[in-house]
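S.K.: One structure, as structure tokens, below. Some questions next.
The values are calculated or read from the model by the stated rules, or taken from the named source; none is laboratory data. On a predicted model such as this, the values are computed, not experimentally measured, just so you know. Here the Cβ is made from the backbone with ideal geometry for all residues, glycine too, and neighbour counts use every protein chain on show.
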Amino acid sequence: MATICRSGCDKVATLLLDTCALIFFATSDEDSGEARAHVQQAHETGQAVVVSPISAWEIGLLVSRGRLDLLMSPLRWFEQVMQRSGLSLAALTPDVLVASSFLPGFPHRDPADRIIAATAREYGYRLITRDRSLLAYAREGHIQALAC
């Protein structure tokens, strides 16, 4: 299984893949420009690229609701993508969970997005996402983010 990466993993901002970015990178060969280049550069330089454990929950929900079709169980798919891609799990601590309840200026009620935003804030990670609300949150200066 993937290793847990805590705040001291490296000096450069660790990249955090949102669930939609994880799915996009795992299922598409489409060139997504700057974001994919940052992930590739991180891998080449030994910089961590992490995923929140909440993404496994989101993938399970997407499959159970018929919004994502996979050829295997959601857990097996998640584990294989993590291992094959050299990704690590971000720490999902009580600090992150409580912080997700008190995000400044974050109007979105989606618990997974709140947890991912709090993870980025707590650890200084740079989020890679396709989610418009998270990108808007970054434009407001609350997190660092790159669109994919």
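S.K.: I'm told THR93 meets every condition in (1) more than 23 Å from PHE25 (Cβ to Cβ); (2) surrounded by fewer than 14 Cβ atoms within 10 Å (Cβ to Cβ) except one. Can you identify the failing condition by its number?
M.R.: Checking THR93 against (1) more than 23 Å from PHE25 (Cβ to Cβ); (2) surrounded by fewer than 14 Cβ atoms within 10 Å (Cβ to Cβ), the one that fails is (2).
S.K.: Further question on the same structure: Does ASP31 satisfy the condition of being modelled with pLDDT under 85, more than 19 Å from ALA112 (Cβ to Cβ) and outside any helix (DSSP H, G or I)?
M.R.: Criteria met by ASP31.
S.K.: Mind counting the residues in the range 101-148 that are surrounded by fewer than 18 Cβ atoms within 10 Å (Cβ to Cβ), of a type in the set (D, E, K, R) and more than 25 Å from GLN40 (Cα to Cα)?
M.R.: Number of matching residues: 3.
S.K.: So the check is Cβ under 6 Å with 6+ separation or different chains; which pairs have a first residue in the range 70-97 that's in a helix (DSSP H, G or I) and a second one that's of a type in the set (A, V, I, L, M)?
M.R.: Matching pairs, first to second residue: PRO74/ILE59; PRO74/VAL63; TRP77/LEU70; PHE78/ALA56; PHE78/ILE59; VAL81/ALA26; MET82/ALA2; VAL96/ALA118.
S.K.: Given the criterion farther than 15 Å from LEU15 by Cα and part of a helix (DSSP H, G or I), identify the matching residue among GLY66, GLY60, GLY141.
M.R.: Step by step, each of GLY66, GLY60, GLY141 is checked, and only GLY60 is farther than 15 Å from LEU15 by Cα and part of a helix (DSSP H, G or I).
S.K.: Next up: Look at PHE106 and say whether it is free of Cβ contacts under 8 Å to residues at least 24 places away in the same chain and more than 21 Å from ALA48 (Cα to Cα).
M.R.: The answer is no for PHE106.
S.K.: Please determine whether any residue of the range 50-68 is closer than 17 Å to ALA147 by Cα, buried (at least 17 other Cβ atoms within 10 Å of the Cβ) and at pLDDT 80 or above.
M.R.: yes
S.K.: Only one of (1) under 20 Å from PHE24 (Cα atoms); (2) hydrophobic (A, V, I, L, M, F, W, C); (3) surrounded by 22 or more Cβ atoms within 10 Å (Cβ to Cβ); (4) touching an Asp or Glu at 6+ places or on another chain (Cβ under 9 Å) is not met by LEU87, so which one is it?
M.R.: (4)
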